[in-house]
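Before any comments, here is the structure.
Please treat every number below as a calculation from the coordinates, not as lab data. Since this is a predicted model, take the numbers as computed values, not measurements. Cβ atoms come from the backbone with ideal geometry, glycine included; neighbour counts cover every protein chain shown.
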Amino acid sequence: MTLPPTAPLPMPLQTLLWVRRPTELMEWCRDRYGVAFTIKLPPWRISLFSDPDSIRTIFAAKSDDMHAGGVNQVVRVLVGSSSVLLLDGPEHMRHRKLLMPSFHGERMRHYGATMADVTRRSIATWPRDAPFALHPFTQDITLQVILRTVFGAEEGAQVTALSAQIKRMLAGAESRMAFVPMIYLSMHPEIETRVPWRWTLRNRDRTDALLFAQIAARRADRKAGERKDVLSMLLQARDEEGEGLTDQELRDELMTALSAGHETTATSLAWAFERILSHPGIHARLREEVRAIGGADAEPERIAALPYLDATIKEVMRLRPVLPVVGRVLQKPYRLAGYDLPAGAAVGACIYLAQRNPDVYDEPNAFRPERWIGVQPDPTTWLPFGGGIRRCIGAQFALYEMKIVLATILSSCDLELAQATPARVVRRAITFWPEGGTRVRMRRPVHAVS
Ligand code: HEM
């Protein structure tokens, strides 16, 4: 049994490159070794695969044959041990079944108006005729959206407190170097109460107090059954034995939705503007498509059905996936890309390289939304949301939100880029971010926003 080849560099250097030059490292390994290679990252050697067959095998694996909980330990300190991200086997499936209905396509109709409203309010605060980074604003938009859809719009002061607290908590995880201590902490949970983690834990505990208060208030609310927000739905969800989620499980799933759901979508939106604004023809075509149905005032359902907008988002997520890899740990031996791998080996579907595979994509590095018109993505070659029994629960929610936010911004204001393109891909903890956060200038609002 042998692992695929690895770059002839010691583990600390590979880790440093994974943190500071991840795309260059992956491309170098692909050019030298092909579709399968191994990266040395403590505590594992993780073998990455970018060919459709290996990715199909990884995504087809049963919950008991490949685990993801061990790989996802890196976010445990934030989301807690009973988060769906950290579970495997039957318990993982139980949580997934309870969570899925809240984020299903059907629910989107209730969330569209909130998404457009939050975006309009944000635009009203943007500087005029001066360069600014768009990413902090997309972060705020996606945080407000997830807070309102999770807890319901009318929570006022409590949602404001939670919003400030979550921003404070996640700020610590923004640097690219945060990846290293996160891995270290996942390997040594016993050091979590020591300096310098204490500050992080204090913030997490303050956030928890607010989350538990929300859970208690909703449990006591007799009208919770009539509400449409995620927390109310989760409180009513029952598994096959008639059991619901405990308060701790609810806390962990709420934290998962709040953290997994907002930063990823915000960064994808920042990438979308970086790509769209650096292609004037695509920008103009999108604006025309949105204007033709009435601009930002159009029904969210009509916006979500626009074909060129849909194709553009797919192309942004193909070329600029915010998560480059999804990992699994083998629970039995597997053969992938001709390598016999032992139980215990860590493997990853390499989203970044699979989506640039020249055998699949014509001109793989070109930004060409047209390639998606009338084309359904193949899950082994377009996988920004991962796949199989662990595919992102919020994928439909995120795609819908990106469409509403993009359409609202594109039709309400006149933006241009205020930076050189293409922006460099930079790691922020575990996500890939456009360096500088997509700097733009707003010439003028197209029409008044309230
Ligand atoms: C552009 C936005 C997003 C991207 C790119 C993204 C990407 C991903 C990826 C790659 C995975 C891992 C899948 C795998 O292991 O195969 C994942 C899992 C997950 N995501 Fe997302 N996500 C996004 C938005 C969201 C949103 C909005 C939510 C919730 C509101 C969410 C909740 C989750 C959850 C709960 C999981 C764990 C699923 C499981 O382990 O069974 N994500 N996401």
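Can you tell me which of 268-278, 25-35 comes out highest on packing, and rank the rest after it, using the mean Cβ neighbours within 10 Å?
Values: 268-278: 24.1, 25-35: 16.4.
Highest to lowest by the protection proxy: 268-278, 25-35.
What percent do you get for the relative contact order of the range 223-354 when only Cα pairs under 8 Å and 6+ apart count?
Relative contact order here is 15 percent.
Only Lys, Arg, Asp and Glu carry charge here, each on its Cβ (+1 for the first two, -1 for the last two); on that basis the chain has a dipole of about 880 debye about its Cα centre.
Note on R109 and D414: the model spin-label points, each 7 Å out from Cα along the C-beta direction, lie 3.8 nm apart. Here the gap between R96 and R32, fully extended at 0.36 nm per residue and compared with their Cα-Cα distance, gives a gain of 19.1 nm. Place a point 7 Å from Cα of R371 in the direction of its Cβ. Which residues in the range 293-337 have their backbone N less than 19 Å from it? Backbone N within reach: 307-325.
As a calculated quantity, the FRET efficiency between E226 and D362 at R0 = 60 Å, using C-beta atoms, amounts to about 0.70. The residue list P101, S54, S83 was ranked by how far each Cα lies along the charge dipole of the range 51-125 toward its positive end, using unit charges on Cβ atoms, and P101 comes out on top. Kirkwood hydrodynamic radius of the range 359-450, from the reciprocal of the average inverse Cα-Cα distance over all distinct pairs: 16.5 Å.
Taking a ≥ b ≥ c as the square roots of the eigenvalues of the Cα gyration tensor, the range 278-402 is prolate, since a/c reaches 1.5 or more and a/b is larger than b/c. Looking at the range 73-135, which trypsin sites (Lys or Arg not before Pro) are DSSP coil and have at most 14 other C-beta atoms within 10 Å of their C-beta? Those satisfying the criteria are R128. Taken along its principal axes, the alpha carbon cloud of the chain reaches lengths of 64, 54, 42 Å, longest axis first.
Here the dipole of the range 241-384 is about 660 debye; that uses its Cα centre as origin and unit charges on the Cβ of Lys and Arg (positive) and Asp and Glu (negative). FRET efficiency for the D205 to I389 pair, using the beta carbon distance and R₀ = 35 Å, is estimated at 0.60. Averaging Cα coordinates gives a centre for the range 1-36 and one for the range 39-83; these two points are 17 Å apart.
With kT/(6 pi eta Rh) evaluated at 25 °C and eta = 0.890 mPa s, and Rh the Kirkwood radius from Cα pairs, the range 13-158 diffuses with a coefficient of 126 µm²/s according to Stokes-Einstein.
Taken over the range 59-98, the convex hull of the Cα atoms encloses 65 Å³ per residue.
Could you work out how much longer the chain between E299 and A157 gets when fully extended? Use 0.36 nm per residue separation minus the Cα distance between them, nm to one decimal. Don't skip to the end; give the middle numbers.
Working: separation 142, 0.36 × 142 = 51.12 nm, distance 2.92 nm.
Extending this stretch completely gives an extra 48.2 nm.
What Kirkwood Rh does the range 333-386 have if only Cα atoms enter the pairwise 1/r average? Answer in Å.
Working: mean 1/r = 0.0756 Å⁻¹.
13.2 Å is the Kirkwood radius here.
Oblate is the label for the range 105-172. Its Cα gyration tensor axes, ordered a ≥ b ≥ c, give a/c of at least 1.5 and b/c at or above a/b. Can you give the FRET efficiency to the nearest 0.05 for R168 and E435, using r as the Cβ-Cβ distance and R₀ = 30 Å? Here the calculated transfer efficiency is 0.80.
In the chain, the DSSP-assigned H stretches of four residues or longer account for a calculated mean residue ellipticity at 222 nm of -15500 deg cm²/dmol, using -39500 (n - 2.57) per stretch and the full residue count as denominator. Rg over Rh for the range 244-331 works out to 1.12, both radii taken from alpha-carbon positions and Rh defined as the Kirkwood radius.
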